[in-house]
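Visitor: Submitted below is the structure of interest, expressed as structure tokens.
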Amino acid sequence: MKELEFLPADFLRARFQRRIGFIRSWLLLALGTAMVLWSFQMGAWVQESRAELMALQSSDVAIDADVGKVRLLQTEAETYDRRIEMLRLLKPGITVADACVALGDLMPDGVVLEDVLMTHPEKAGRDQATLHLVGRGDSEAAVSRALRAMETSPIFGRVTLIEAKPLAPAEGAGRSFTVEADVMAPAGKE
């Protein structure tokens, strides 16, 4: 500032103060502008946050309806499960069809069953039954093979020959027999 040295000191100080005031004014203007822009940005963020909050609250209401439906379906599923369990308990574990299929697979050639009766004793439970068989075989060996096959089968427990006698001459050669056997449900059968 050599070119201004001839000016009085008061004038130079005043000029320096004006420059500082001018710079201060520009700084205040820039700071004020920044604060205004910041407040606009904060307002936009607040509006976005409110919109997200409203969206979450409305989705919460929609989810509540779905949760109610799921709870209703769970209750219905439990009801159906109880009904199925009741039906399973009422149904015998062994059916006549199961016993007849097992007998058909086991009976050797030459043995004919004439009567099959299955009873479920009260004490035995639903997974046991007693089978009464009346039949005839073309020989005593054929009847013995049938009894042996029943004894080795996993479905038949106790096999007892109640009666075996020769057929009447008018009926032909062979033997008639009466068998009683305990029938048990095969493992894994509900």
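Visitor: Within the set of other residues whose C-beta is less than 9 Å from the C-beta of GLY137, count the net charge using Lys and Arg as +1 and Asp and Glu as -1.
Guide: Every neighbour counted, the sum reads +1.
Visitor: Based on the Cβ-Cβ distance from THR95 to GLN74, what FRET efficiency comes out when R0 is 30 Å, to the nearest 0.05?
Guide: 0.35
Visitor: Debye sum, Cα scatterers, region 96-184, no solvent: what log₁₀ I/I(0) at q = 0.18, 0.23, 0.26 1/Å?
Guide: -0.73, -1.12, -1.38
Visitor: Which value in deg cm²/dmol, rounded to the nearest 500, describes the helix-derived mean residue ellipticity at 222 nm for the chain, given -39,500 (n - 2.57) per DSSP H run of n ≥ 4 and division by the residue count?
Guide: That comes out to -20500 deg cm²/dmol.
Visitor: May I ask for the equivalent-ellipsoid semi-axes of the chain, computed as the square root of five times each C-alpha gyration tensor eigenvalue and listed largest first in whole Å?
Guide: 110, 19, 11
Visitor: Under 13 Å from the Cβ of GLN17, count the other residues' Cβ atoms, weight Lys and Arg +1, Asp and Glu -1, and hand me the total.
Guide: Residues close to GLN17 contribute a combined charge of +4.
Visitor: Filter the DSSP H helices in the chain by two things, a Kyte-Doolittle mean of at least 0.0 and an axial alpha-carbon span of 30 angstrom or more, and list the hits by number.
Guide: 9-90
Readers should treat all values here as calculations from the given coordinates under stated rules, not as data from a laboratory. Just so you know, these numbers come straight off a predicted model, no measurement behind them. Note that each Cβ is placed from the backbone with ideal geometry, even for glycine, and that neighbours are counted across all protein chains shown.
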